[in-house]
1. Could you work out which residue, out of Arg38, Arg29, Arg77, moves most in a Gaussian network model of the chain, that is, has the largest mean-square fluctuation with Cα springs under 10 Å?
2. Could you derive backbone 3J(HN,Hα) for the range 56-67 from the dihedral phi with the Karplus parameters 6.51, -1.76 and 1.60 (θ = phi - 60°), listing whole Hz in sequence and x where the residue is Gly or Pro?
3. Taking the Cα centre of each part, how many Å lie between the range 65-94 and the range 2-31?
4. Just read off the accessible area of Ser85 with the full protein assembly in place, 1.4 Å probe, to the nearest 10 Å².
5. Please return the longest stretch of the chain lacking exposed loop sites, where GluC sites (Glu not before Pro) count only if DSSP places them in a loop and at most 11 other Cβ atoms lie within 10 Å.
6. Using DSSP, restrict attention to beta bridges with both residues in the chain and report what percent are antiparallel, rounded to the nearest 5.
7. Once you charge only the Cβ atoms, +1 for Lys and Arg and -1 for Asp and Glu, what is the size of the charge dipole of the chain about its Cα centre, to the nearest 20 debye?
8. Relative contact order of the chain, please, whole-number percent, based on alpha carbon pairs below 8 angstrom and at least 6 residues apart.
Amino acid sequence: MSWSPTGYEAFFEEGLPSRDIERWDAEGRPLVVSEEHRGLVRAEDLPGFTGIDICHRPMAVVPAAAGTTTAEGRPVRAWMVDADSFAYPVTEDF
């Protein structure tokens, strides 16, 4: 499950990891963090860029009640609420 501050993710050719879109530039192009450039760069300027897609945008984290578990029996530590008001359990493997 992917989360980003904007609710969008940049995808690259097979074998290259996707990157969260952190913000948009003045022309509306997606910006991602580049360790190589030590900052934000246009996703399209990185090798292998193929496009963008929607992902989850976090809006809130709410503590879970003591003893809450998933259907599989894993302890729920908190609930991550996205921009569409859906809540997802935060477990040890979130």
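1. Maximum fluctuation in the GNM of the chain, among the listed residues, is at Arg38.
2. Calculated HN-Hα couplings, in order: 7, 10, x, 10, 7, 10, 10, x, 8, 5, 4, x Hz.
3. Here the two parts' Cα centres lie 25 Å apart.
4. 100
5. Longest gap between qualifying sites, sites excluded: 37-71.
6. Numbers: 23 of 24 bridges.
Antiparallel: roughly 95 percent of the beta bridges in the chain.
7. It comes to approximately 400 debye.
8. Relative contact order comes out at 23 percent.
The values are calculated or read from the model by the stated rules, or taken from the named source; none is laboratory data. As the structure is a prediction and not an experimental result, all values here were calculated from the model. Here the Cβ is made from the backbone with ideal geometry for all residues, glycine too, and neighbour counts use every protein chain on show. Calculation scope for accessible area: heavy atoms of the full protein, side chains included, ligands and nucleic acids excluded. Shrake-Rupley method; radii C 1.70, N 1.55, O 1.52, S 1.80 Å.
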